[in-house]
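What follows draws every value from the coordinates through simple rules; no lab data is involved. In this text, all values refer to a predicted model and were calculated from it rather than measured experimentally. FYI the Cβ positions are ideal-geometry reconstructions off the backbone, even for glycines, and counts take in every protein chain you see.
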Amino acid sequence: MSKFSVFVRNIQLGGGAPVRIQSMTKCPTDDIPLLLREIKTLEKAGCEIVRIAIPNHKALESIPILKTKTTMPIVADIHFDYKLAIAAIKRGVDKIRINPGNIGARWKIEEIISVAKDFNVPVRIGVNAGSLSKEILKKYGRPTPQALVFSLEEQLKIFEKKNFYNLVLSAKTTNPQETIEVYESLNEKFPYPLHLGVTESGLPLQGAVRSTSALAILLYQGIGDTIRISLTGPAVLEVIVAKELLQSLGLRVFGPQLISCPVCGRCKVNLIKIAQRVERKLQCFNSPIKVAVMGCVVNGPGEARFADYGIACGKKSGVIFKKGKVLKKCPEDELAKELIATIKADL
Ligand code: SF4
């Protein structure tokens, strides 16, 4: 957890605030109706900060509209053109992400700093393994963790020289082990909030595993103030994985926790179908209840009893538990419905 904190609209990052979830929209930024729909879906799923790409001046037009249509903080992602960063700030964006390495001349970065200071807008210095300068690559041979940290340190000096501290730092690579090394080093060296992520981590299943393999280790050590799981898939999945990760680590509580057995040859019901039904329906609840869906009598009753609610199945049927007590026996097809009705009646 960083010593310093910044505010992105009304959301605090660092300084003891909960680890925040962010994602990035995937539709063209200048398609405002589509962009708004994507942002609303993300917001509903639990996203707390959303980043939008600003590749050109037309994309800037979305910023004032988004500011009136959503309360979620908006971050403008800027590459190459310092004028876009300045214009995004002036149009009311809540934070900008720049990779100073591709902004160019130092004076351009200083211009951005000056405007960000005037508008009290935080800046994320987001270094990326894929865009290190030629000089740094020559010095380190490849984008090593040391090269990433060095690059970020170099950029940071420009900001600190201008007494600008409204900062969030990130240095992303595709390699989970190197991600751990980079962020442990950033955490040791700098007091600024850290944005964690494994970049370009792949399709949803592989990407979720690759991202969490690094992020879990960092978060467990108290490193990281905001996370983005970057997946080649719908942005909403990034939020779902992030929530699951934070809740699994006990860092945030978002809602019910489903425990379901992996199924084996003892199971005499279609447990996967039952668990999927229960999972879908549980999304309507916010309470941090523990719900167990178990396939047979071996571990079933035990797990179901220690959960707040549960199902333990037998042959084509099962029993519903509540706080350790059996409530009723139901046929297989009614188990999910009955379990949800039981929960609904209590909450
Ligand atoms: S609870 Fe029963 S069905 Fe499920 S994995 Fe364990 S032994 Fe197999």
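Pairs from the table (K40/K243; K26/K83; K316/K337) lying more than 20 angstrom apart at Cα are K26/K83.
Computed from Cα positions, the angle between helix 106-118 and the longest principal axis of the chain comes to roughly 60 degrees. The order of the peptides 220-233, 108-121 by mean Cβ neighbours within 10 Å, most packed first, is 220-233, 108-121.
Put simply, when 85-95, 21-31 are sorted by average Cβ atoms within 10 angstrom per residue, most first, you get 85-95, 21-31. Counted by Cβ distance under 11 Å from S230, the other residues give a net charge of +3, where Lys and Arg count +1 and Asp and Glu count -1. Enumerate the residues in segment 14-46 having an amide nitrogen under 16 Å from the point lying 7 Å beyond the Cα of F80 toward its Cβ. Taking a point 7 Å out along Cα→Cβ of F80, the residues of segment 14-46 whose backbone N falls under 16 Å are 29. Taking the Cα centre of segment 5-248 as origin and assigning +1 to Lys and Arg Cβ atoms and -1 to Asp and Glu Cβ atoms, the resulting dipole is close to 440 debye. I want the local charge near I158. Using Cβ-Cβ distances under 14 Å, sum +1 for each Lys or Arg and -1 for each Asp or Glu among the other residues. Its environment carries a net charge of +1.
Taking the square roots of 5 times each eigenvalue of the Cα gyration tensor of segment 257-346, largest first, gives ellipsoid semi-axes of 18, 13, 12 Å. Cβ-to-Cβ counts within 10 Å put C261, C284 in ascending order as C284, C261, the fewest first. To the nearest 10 degrees, how steep is helix 204-220 against the longest Cα principal axis of the chain, on a 0 to 90 scale? The answer is roughly 80 degrees. Ranked for footprinting exposure by Cβ neighbours inside 10 Å, fewest first, T41, T179, T212 give T41, T212, T179. Counting only the Cα atoms, the chain fills a convex hull of 142 Å³ per residue. Among the GluC sites (Glu not before Pro) found in segment 192-255, not one is both in a DSSP coil and sparsely packed, with 12 or fewer other Cβ atoms within 10 Å of its Cβ.
In plain terms, the chain from A105 to E154 could stretch by 16.3 nm, reckoned as 0.36 nm per residue minus the Cα-Cα distance.
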